[in-house]
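For reference, the structure is listed below as C-alpha coordinates.
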Amino acid sequence: AAEAARRVMPHAWALALSDLHAQHSATGFKCASSPVNAPLLQAAAVELSCTFVMHTAVSKVEKVDDKYRVPAIAAVITILVYAGGHLTGAVFNPALAFSVQFPCPGNSFAEYS
(Lines give C-alpha, C1' and ligand atoms only; values in the text may rest on other atoms or scores of the structure.)
Protein backbone atom coordinates (compact mmCIF):
# COMPACT_ATOMS: atom_id res chain seq x y z
CA ALA A 1 0.00 0.00 0.00
CA ALA A 2 2.81 2.40 0.87
CA GLU A 3 4.62 1.78 -2.39
CA ALA A 4 1.39 2.17 -4.38
CA ALA A 5 0.69 5.48 -2.63
CA ARG A 6 4.23 6.66 -3.34
CA ARG A 7 3.81 5.91 -7.06
CA VAL A 8 0.26 7.28 -7.46
CA MET A 9 0.68 10.46 -5.42
CA PRO A 10 2.79 12.43 -7.95
CA HIS A 11 0.19 11.80 -10.64
CA ALA A 12 -2.61 13.04 -8.38
CA TRP A 13 -0.60 16.10 -7.35
CA ALA A 14 0.25 16.83 -11.00
CA LEU A 15 -3.43 17.65 -11.51
CA ALA A 16 -2.78 20.77 -9.34
CA LEU A 17 -6.21 20.64 -7.70
CA SER A 18 -4.95 22.96 -4.95
CA ASP A 19 -2.16 25.47 -4.44
CA LEU A 20 -0.30 22.94 -2.30
CA HIS A 21 -0.40 20.40 -5.13
CA ALA A 22 0.86 23.03 -7.57
CA GLN A 23 3.76 23.84 -5.21
CA HIS A 24 4.69 20.16 -4.94
CA SER A 25 4.51 19.85 -8.72
CA ALA A 26 6.76 22.90 -9.17
CA THR A 27 9.41 21.42 -6.86
CA GLY A 28 9.35 18.08 -8.65
CA PHE A 29 7.50 16.42 -5.76
CA LYS A 30 10.58 16.64 -3.56
CA CYS A 31 10.25 17.28 0.15
CA ALA A 32 12.32 20.26 1.33
CA SER A 33 12.23 19.41 5.02
CA SER A 34 10.82 16.78 7.32
CA PRO A 35 7.47 17.46 9.00
CA VAL A 36 8.70 15.39 11.97
CA ASN A 37 9.83 17.92 14.58
CA ALA A 38 10.38 15.66 17.57
CA PRO A 39 12.72 12.88 18.69
CA LEU A 40 11.82 9.46 17.34
CA LEU A 41 10.31 8.08 20.57
CA GLN A 42 8.25 11.21 21.20
CA ALA A 43 6.99 11.25 17.61
CA ALA A 44 6.10 7.55 17.81
CA ALA A 45 4.26 8.12 21.11
CA VAL A 46 2.29 11.01 19.61
CA GLU A 47 1.36 8.99 16.52
CA LEU A 48 0.42 5.96 18.63
CA SER A 49 -1.71 7.89 21.10
CA CYS A 50 -3.50 9.92 18.42
CA THR A 51 -4.18 6.77 16.39
CA PHE A 52 -5.53 5.06 19.51
CA VAL A 53 -7.86 7.99 20.22
CA MET A 54 -9.05 8.01 16.61
CA HIS A 55 -9.78 4.29 16.54
CA THR A 56 -11.52 4.48 19.91
CA ALA A 57 -13.70 7.34 18.68
CA VAL A 58 -14.62 5.47 15.50
CA SER A 59 -15.51 2.33 17.44
CA LYS A 60 -17.69 4.27 19.90
CA VAL A 61 -19.42 6.58 17.40
CA GLU A 62 -22.04 3.94 16.58
CA LYS A 63 -23.71 4.84 19.89
CA VAL A 64 -24.15 8.44 18.72
CA ASP A 65 -27.21 9.61 16.80
CA ASP A 66 -26.66 9.24 13.03
CA LYS A 67 -26.73 12.97 12.29
CA TYR A 68 -23.90 13.62 14.78
CA ARG A 69 -21.50 10.86 13.69
CA VAL A 70 -19.67 12.69 10.92
CA PRO A 71 -19.30 15.95 12.87
CA ALA A 72 -18.09 13.99 15.91
CA ILE A 73 -15.37 12.21 13.92
CA ALA A 74 -14.44 15.47 12.17
CA ALA A 75 -14.08 17.15 15.57
CA VAL A 76 -11.84 14.33 16.83
CA ILE A 77 -9.63 14.54 13.73
CA THR A 78 -9.37 18.33 14.05
CA ILE A 79 -8.43 18.11 17.72
CA LEU A 80 -5.81 15.42 17.03
CA VAL A 81 -4.25 17.40 14.18
CA TYR A 82 -3.95 20.46 16.42
CA ALA A 83 -2.64 18.34 19.31
CA GLY A 84 0.03 16.37 17.45
CA GLY A 85 0.40 17.87 14.00
CA HIS A 86 3.17 20.29 14.89
CA LEU A 87 5.30 17.37 16.13
CA THR A 88 4.72 14.69 13.51
CA GLY A 89 2.86 16.13 10.56
CA ALA A 90 -0.34 14.45 11.84
CA VAL A 91 -0.35 11.54 9.43
CA PHE A 92 -1.59 8.89 11.92
CA ASN A 93 -1.17 6.19 9.25
CA PRO A 94 2.13 4.27 9.00
CA ALA A 95 1.76 3.43 5.29
CA LEU A 96 0.98 7.04 4.40
CA ALA A 97 3.79 8.36 6.60
CA PHE A 98 6.21 6.00 4.87
CA SER A 99 5.13 7.09 1.40
CA VAL A 100 4.90 10.83 2.13
CA GLN A 101 7.54 11.55 4.77
CA PHE A 102 10.24 8.92 4.25
CA PRO A 103 11.73 10.66 1.19
CA CYS A 104 12.11 13.91 3.18
CA PRO A 105 15.62 14.89 4.29
CA GLY A 106 16.41 14.02 7.90
CA ASN A 107 14.45 10.78 8.04
CA SER A 108 15.83 7.27 7.97
CA PHE A 109 14.24 3.96 7.11
CA ALA A 110 14.52 2.89 10.78
CA GLU A 111 12.26 5.77 11.81
CA TYR A 112 9.47 4.47 9.61
CA SER A 113 9.84 0.73 10.13
Ser59 passes all but one of the listed conditions (1) closer than 24 Å to Val36 by Cβ; (2) of a type outside the set (A, V, I, L, M); (3) surrounded by fewer than 11 Cβ atoms within 10 Å (Cβ to Cβ); the exception is number (1)
Residues of the stretch 27-43 being modelled with pLDDT under 80 and loosely packed, with under 14 Cβ neighbours inside 10 Å, which ones?
-> Thr27, Gly28, Lys30, Ala32, Ser33, Leu40
Sort out which residues of the stretch 26-74 are assigned to a helix (DSSP H, G or I) and among the basic types (Lys, Arg), and write them in order of number.
-> Lys60, Lys63, Lys67, Arg69
Which numbered condition Gln23 misses (of (1) of a type outside the set (Lys, Arg); (2) at pLDDT below 80; (3) outside any helix (DSSP H, G or I)) | (3)
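Each row is one residue, and each column tells you yes or no for (1) in contact with a helix residue (DSSP H, G or I) (Cβ under 7 Å, 6 or more places away or on another chain); (2) of a type in the set (Lys, Arg); (3) without any contact (Cβ under 8 Å) to a residue 40 or more places away in the chain; (4) more than 20 Å from Cys104 (Cα to Cα).
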| site | (1), (2), (3), (4) |
| --- | --- |
| Ala26 | no, no, yes, no |
| Leu41 | no, no, yes, no |
| Ala45 | no, no, yes, yes |
| Ala75 | no, no, yes, yes |
| Tyr82 | no, no, yes, yes |
| Thr88 | yes, no, no, no |
Residues (out of contact with any Leu (no Cβ under 9 Å at 6 or more places or on another chain), at pLDDT below 80 and assigned to a helix (DSSP H, G or I)) located in the stretch 77-113 | Pro94, Ala95, Leu96, Ala97, Phe98, Ser99, Val100, Gln101, Phe109, Tyr112
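The values are calculated or read from the model by the stated rules, or taken from the named source; none is laboratory data. Only a predicted model underlies this, so the values are computations on that prediction, with no experimental measurement involved. Glycine gets a Cβ as well: all are built from the backbone with ideal geometry, and neighbour counts include every protein chain shown.
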